[in-house]
Amino acid sequence: MNIRERLRGIPDLILTKRLQMMSNAQLDLYAASLHSFVDTYPAIEAEVKTAMEARDIKSITKHLTSIRDMLTDIYADELADECWKRLNSFDKDRPDKIEAYVSFLLSTLTALSIDIQVAFYKEDEDDNVSSKKSGEEKESNTIKSILAVDDDAYSLDTFKAALKDVSCKIIGATSGLSALSVLNKLTPDLFVLDIEMPGMDGIELAAEIRAKGQDAPIIFITGKSTKEYVQKCMEAGASDFIVKPINPQDAAGRIQKFL
C-alpha cells in the first residue's frame, strides 16, 4: 500500500479525485502541507484550550479561523466548512455550546493529526502484512476477544458501550498488572490500551505484552498528537489510535478493522 492509498483511507481528508490528479511533485507539496498541520496543531490546540478556560470567545474565534484555513489547505473540506458555519454562529451561541463544539473539534483534529502521522510512519511491508492478517481474520466466524485496559472504570464502560453493536468479547482491566494476569489464561485478538495510567503506563504494558509472545494488534487510547509522542507509540507497536474523549462511532470503526 503506497502513501496515496494510505492518505485516501483517512476519512476526514476528501482526497479520492484529488489524489488521482496529483503528480508526484504535487503530492510532495501536499505532504508538506500535512506535515505543517501536524507540526502546528499542538501549539494551536494549547492556545485554544487556554482561551476556553478564560472563556475568551474573541481569542477562540481567532484561533478557529486559523484552524479553518489549515483544514482547507489539507483538503479536510467538511471539517473546514463545519468550522466556518460554527464561527458564523458564535455571536448567537451560549458559551457552554461553544465550548462543547470546540472540545469536539479539538478531539477530531487530534485524531486527524495522528492518522496523518501513522500514514507516513508505516512502512509498506508492515502495512501489507497487517492488511493481510486482518483479511484472514475476518474470514473466521469465531468471536474475537479484546483486552481493554484503562485505570478509569468509567472510560472502560464508555468503550464497552461504543462496541455494543460489534460482535466481540471485551475483557476489561484497570491496571497493567491485572492485564498481565489475564494473559496467563487468555490470548486476546486485540489489545486496547490507555497510555496515561499510574504505575505501569500503556507503552510499558505494550512492551510486557510483546515480551510474553502476544502479537495481536495494539490500539492505544490517547489525547496527545505531538510527533514525538506518536512516534514513541508506533515504536511500541501501535497499529492504530482511539482519541479521548471516545467517539463511539469512530471507536467502533477502528476496532472493526482488526476483527
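The values are calculated or read from the model by the stated rules, or taken from the named source; none is laboratory data. No experiment lies behind these values; they were computed from the predicted model shown. Here the Cβ is made from the backbone with ideal geometry for all residues, glycine too, and neighbour counts use every protein chain on show.
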Residue in region 222-233 that is surrounded by 15 or more Cβ atoms within 10 Å (Cβ to Cβ), aromatic (Phe, Trp, Tyr) and under 30 Å from ILE44 (Cβ atoms) present: yes
Just one of LYS232, LYS224 is part of a loop (DSSP other than H, G, I, E, B) and of a type outside the set (Gly, Ala, Ser); which is it? LYS224
Restricting region 91-121 to residues that are among the small types (Gly, Ala, Ser) and under 10 Å from the mean Cα position of the chain (by Cα), the one farthest from GLU235 (Cα to Cα) turns out to be SER107
Could you tell me whether any residue of region 197-208 is under 22 Å from ALA153 (Cα atoms), of a type in the set (A, V, I, L, M) and in a loop (DSSP other than H, G, I, E, B)? yes
How many of the residues in region 37-53 are polar (S, T, N, Q) and either in contact (Cβ under 8 Å) with a residue 12 or more places away in the chain or crowded, with 19+ Cβ neighbours inside 10 Å (or both)? 1
Which residue pairs have Cβ atoms closer than 6 Å, lie 6 or more positions apart in sequence or on different chains, and pair a first residue in region 163-182 that is in contact (Cβ under 8 Å) with a residue 12 or more places away in the chain with a second residue that is in a loop (DSSP other than H, G, I, E, B) and surrounded by 13 or more Cβ atoms within 10 Å (Cβ to Cβ)? CYS168/LEU259; THR174/ASP151; GLY176/MET200
Pairs, first in the same structural domain as SER225 (by TED's automatic domain parsing) and of a type in the set (Val, Ile, Thr) in region 103-114, second buried (at least 24 other Cβ atoms within 10 Å of the Cβ) and part of a helix (DSSP H, G or I), C-beta under 6 Å, six or more apart: none
Filter region 46-89 down to the residues that are of a type in the set (D, E, K, R) and farther than 20 Å from ALA32 by Cα and list them by number. GLU47, LYS49, GLU53, ARG55, ASP56, LYS58, LYS62, GLU78, ASP81, GLU82, LYS85, ARG86
Of (1) crowded, with 19+ Cβ neighbours inside 10 Å; (2) modelled with pLDDT under 95, LYS92 satisfies all except one. Which? (1)
Within the bounds of region 185-197, is there any residue that is modelled with pLDDT under 95, among the charged types (D, E, K, R) and more than 16 Å from the chain's Cα centre (by Cα)? yes
Take TYR75 and decide whether it is in the same structural domain as LYS97 (by TED's automatic domain parsing), modelled with pLDDT of 95 or more and not in a helix (DSSP H, G or I). yes
Could you tell me whether ILE219 is closer than 12 Å to VAL149 by Cα, touching a residue at least 24 places away in the same chain (Cβ under 8 Å), part of a helix (DSSP H, G or I) and within 22 Å of the chain's Cα centre (by Cα)? no
